[in-house]
Every structure is written in structure tokens, then in C-alpha cells.
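Student: The structure under discussion is supplied below as C-alpha cells; questions concerning it will follow.
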Amino acid sequence: MQSKLHPDKFAQATEHEKEISDEHSRRLNESYKTLSEPLLRAKYLLKILGETDASGKDLDPSSLMEMMEWNERVAEMSSSEELTAEKDIVQKEIDEILAGLGKLFAEKNLEGVRTEITMLSYLYSLRSLIDKRLEKELSMKM
């Protein structure tokens, strides 16, 4: 579908046709990204179910404290081995949440879905922090 709608295929077309091609191509890319990224997909499913705010919800104080402490531990890690091991733990947490989201959606437990979306956002952020630290470690070794 992307190859049929790609703007390069419309190089000789009218401006209006180019605009339509650009718009369709953009929407197709957005749709692909939404479907391929679990967090975006979950937020989209919430919208389909009529939720106006699919951004998640605030974490309870103990979960928030846990995430802050986890961020601090990662910030204090000094070796790529520690960071890699921690990234594996974070990924396991992400995988567990993703595995449970389907059940929450099936049960129409939208409050639970919003909580898990928020937790996923924090975990994705933590994983990104670890990746940046690992890149920095790697660049320092070169």
C-alpha cells in the first residue's frame, strides 16, 4: 500500500494529487507506527473504547517512589554489565505488562489499562535512559 501511495510516484501529478498522496502516505505511516508500537496501540484502543483521555493516569505514591528509586539506581550504575542486566529486568517488566494488557482490555478494565499504560510510559523512559547510558559507555571505550 505504501508503495502505491508514496509521494515519489506522484512526481508528475498535479499539486492537488501530490497533496492527497502526501496526506495518505502520512496517515499510513502514522497507522503503521501506532499498530507496531504496543504503547501507542494500547492508547489507540482506549480511544476506540470511548476513553477521551488515553494518556494514562497518575501512579500511586508507592509505585511512583519505586520508579524514582529505580531511576536513581540506574543513574548510579557505572558499568555496561550492570546497565545491560538492569535493561533485561526492565524489559521483563515491560513484557509482563504487555502480556496482561490484553486480559485487561478483554475484561474492559479500563482503569487497569490506564494504570498499566502509565507504568509502561515510565518503563519505556527508564529503558531509554539505560540505552543512552550504554551508548555513552560504548563511545567512551572507543
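Student: Hey, does the range 99-118 have a residue that's surrounded by 14 or more Cβ atoms within 10 Å (Cβ to Cβ), under 28 Å from residue 139 (Cβ atoms) and at pLDDT 90 or above?
Tutor: The answer is no; no qualifying residue exists.
Student: Just to check your reading of the model, which residue among 81, 69 is closer than 16 Å to residue 124 by Cα, modelled with pLDDT of 90 or more and charged (D, E, K, R)?
Tutor: 69
Student: If you don't mind, another one. So residue 136 fits all but one of (1) buried (at least 17 other Cβ atoms within 10 Å of the Cβ); (2) basic (Lys, Arg); (3) farther than 19 Å from residue 40 by Cα; what number is the exception?
Tutor: (1)
Student: May I ask you to verify whether residue 125 is out of contact with any Phe, Trp or Tyr (no Cβ under 7 Å at 6 or more places or on another chain) and closer than 18 Å to residue 38 by Cα?
Tutor: Criteria met by residue 125.
Student: Take the residues of the range 35-61 that are closer than 16 Å to residue 102 by Cα and among the hydroxyl-bearing types (Ser, Thr, Tyr): which is surrounded by the fewest Cβ atoms within 10 Å (Cβ to Cβ)?
Tutor: So the residue we want is 36.
Student: On to the next question. Any chance you could count how many residues in the range 21-55 are assigned to a helix (DSSP H, G or I), closer than 30 Å to residue 133 by Cβ and either in contact with a Cys (Cβ under 8 Å, 6 or more places away or on another chain) or of a type in the set (Ser, Thr, Tyr) (or both)?
Tutor: 3
Student: Can you tell me which condition residue 54 does not meet? The list is (1) touching a helix residue (DSSP H, G or I) at 6+ places or on another chain (Cβ under 7 Å); (2) more than 30 Å from residue 139 (Cα to Cα); (3) hydrophobic (A, V, I, L, M, F, W, C); (4) modelled with pLDDT of 90 or more, and all the others hold.
Tutor: (4)
Student: Next question, about the same structure. I'd like to verify a number: residues in the range 18-34 that are of a type outside the set (A, V, I, L, M) and either over 18 Å from the mean Cα position of the chain (by Cα) or within 22 Å of residue 96 (Cβ to Cβ) (or both), how many?
Tutor: Of the residues in that region, 9 qualify.
The values are calculated or read from the model by the stated rules, or taken from the named source; none is laboratory data. Keep in mind that this is a model prediction, so the values were computed, not measured. Here the Cβ is made from the backbone with ideal geometry for all residues, glycine too, and neighbour counts use every protein chain on show.
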